[in-house]
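In what follows, a structure is listed as structure tokens, so that the remarks can point back to it.
Quick note: the coordinates plus some simple rules give every number you see, no bench work behind them. Model, not experiment: these values are computed from the prediction. Note that each Cβ is placed from the backbone with ideal geometry, even for glycine, and that neighbours are counted across all protein chains shown.
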Amino acid sequence: MSTTMTRRNGSASPESANRAARQATMVAQKKDPVRRRWGRIGGGVLAAVVGGWLFASLYLSADDRVEVLAVASDVARFDVIERSDLKVITIAEGTDVSSIPASRLEDLVGRVASTDIVAGALLVDGQLLPSGDRLVAADEAVVGVLVGPGDSPTTGMNRGAQVSVVIRPAAGTNGTVAEVPGWIAGIGGEVSSNGDRPVEVVVARADAARVSAAAADRRVTIVVLGE
């Protein structure tokens, strides 16, 4: 009787304790996978958030950049621009530099450079001659002439204008005045206080040497001819 009373009023029997332990273990095993699933779900949500943020950042960065044209190889003045001379690069949209959109690439092939352009430089409209402008032919040459105010007219001195290059004889000689036909390739600004300015004249290659020699002696006058 004393043994029975102890089991009823005291601690549980060994069999009851073992049964309770097994039940607790089964409950814990059922709960563990739930915790693992929530961990995987939380990690997946975090990865999705980070991925979305990266995509948005890249998307916004792409919107902040524009494609423009640059020069892939050196182009000399009066050279015809070919497709291989140009390349497309991207720059920041707010960059405060002159540029030409890449969408105009095909329209610029065949245009003529108005100045020397080095490889890697951005292409700008000011480096190109207007479409249809006259080109220097293979049998022509460009000669630089420094003319004073009295050696050229004040009007009509425009690129492409037809001119007559008047060569005066050297002082102390019995030479005669000669005229060489040509046209104006370019005009610079005044280079001295007396109004001298450089003019680039295109003449036949055969006449280039004597025009250049006369220009060095300041014996050249440029006359603009009517159309």
| Contact order normalised by residue count of the range 140-224, Cα under 8 Å, 6+ apart, percent | 46 percent
| Hull-based mean projected area of the range 92-134, where the convex hull spans the alpha carbons, in square nanometres | 3.7 nm²
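Count the net charge of all other residues whose Cβ sits under 15 Å from the Cβ of residue 102, scoring Lys and Arg as +1 and Asp and Glu as -1.
Local charge sum for residue 102: -2.
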| remark: Expressed in angstrom and ordered largest first, the alpha-carbon extents of the range 65-127 along the principal axes are 32, 20, 17
| query | Scaled to the compact-protein estimate 2.2 N^0.38 Å, what is the alpha-carbon radius of gyration of the range 123-227, rounded to two decimal places? | reply | 1.10
